[in-house]
Amino acid sequence: MKRILGILLFFLLLACDNNSTNRNPYLQEVSFRFDLNLNLPLYSPLTNTGSAVYVSNATVGTRGAFVINTGFNSFMAWEASCPNHAPNNCSTMTLKGQLVTCSCEGYEYNLFTGQLMNRPEDGKRYHDLLFYRSTFSGNTVIISN
């Protein structure tokens, strides 16, 4: 009996994880839900694969969000504030095609993957874009956190 309890305790300890989810330290966890009606001219570019829009609504994220159509009725949504420093007057990124750029340092991020494209090789930790959930229903993309 002691052997069985010891084995169960061993597996229970292995199942414990001290690592908590470590989101970006510069960006707060902001709860929101926002619907993008693809029939509206502002969001109609999202009907085309590879097209992206900037959602500048004050209720969305920290500085808004970028949403891209990745194909087959699938969408990705990302925070519009640069993830590698605290939000400030230059941290809202600009959209150019399928890339977004931070005007503070010139960091470029890919909207399909969220990855920092020109990551410096200086040994410091750099963050990729902050991801938001996105779902597609009818002709509406719902982004939320």
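Key figures for this structure:
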read-out: Mean shadow area of segment 29-144, taken as a quarter of the surface of its Cα convex hull (nm²); value: 7.1
read-out: Highest-first arrangement of 32-45, 52-65, where packing means the average Cβ count within 10 Å; value: 52-65, 32-45
read-out: Segment 70-86 residues near the modelled residue 140 label - backbone nitrogen below 19 Å, point 7 Å along Cα→Cβ; value: 73-77
read-out: Simple label model, 7 Å out from Cα along Cβ direction - residue 133 to residue 110, nm; value: 2.6
read-out: Amide H within-cut-off set for residue 75, under 5 Å, with H built and near neighbours excluded; value: 70
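Rule-based calculations on the coordinates, nothing more; no lab input. Since we're looking at a predicted model, the values are computed, not measured. Note that each Cβ is placed from the backbone with ideal geometry, even for glycine, and that neighbours are counted across all protein chains shown.
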